[in-house]
């Protein structure tokens, strides 16, 4: 009786399988990565186009209209902030162009600011040619070129008052009548005060009060 051939199994008897080739691995990665990329890309498109608003509203509890309003308010706030920043920059630029705030040293217009100095009140007799005695009450203010001239005026103040009174005592009532009389009086006082304060300069003599009684 013939013997059946014995089957030869190597190892522990388990069948052997070959590892998948390199092409199989690439296909497996594509099957996993491609759907994931499609999901991510579709979600991004839905979010930016507003298609995902109902889903986001279900999660957050807000309505799509409320979400749009919140986004609009945020954009409006940014726009307002930009406008305010632009206005502040414009104001600062205008301030710098004018030389700073008014009242501070170096500010524009300070160089042309008027300087005034009030002389003491003067009461003198005027010439009436033998008629009833009359008095002239006069208060004037000197307009100076700059504040430094105030010290000069104060140093020669007695001389200024004396020069004014000598001239005023020679006036007659007719000399003080009308606009022409006032103009001549102003010009005469200005000439006399400039002679007294030289080398300083007085720009004008302003009448604050003038009463004849």
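Dimensions of the range 127-170 along the principal axes, based on C-alpha atoms and rounded to the nearest Å, stand at 45, 16, 11, largest first. Exposure proxy ranking for 140, 145, based on other Cβ atoms within 10 angstrom of each Cβ and starting from the fewest, stands as 145, 140. Altogether, the Stokes-Einstein calculation at 37 °C and 0.692 mPa s, with the Kirkwood radius of the range 114-212 over Cα pairs as Rh, returns a diffusion coefficient of 235 µm²/s. Annotation for residue 123 and residue 155: the two label points, set 7 Å from Cα along the Cα-Cβ direction, are 3.3 nm apart. In plain terms, the residue of 189, 38, 123 with the fewest other Cβ atoms within 10 Å comes first and the most crowded comes last, giving 38, 123, 189.
Any read-out appearing in this document is the output of simple, stated calculations on the displayed coordinates, not a laboratory observation. Since we're looking at a predicted model, the values are computed, not measured. For neighbour counting, all protein chains shown are included, and Cβ atoms are generated from backbone atoms with ideal geometry for every residue, glycine included.
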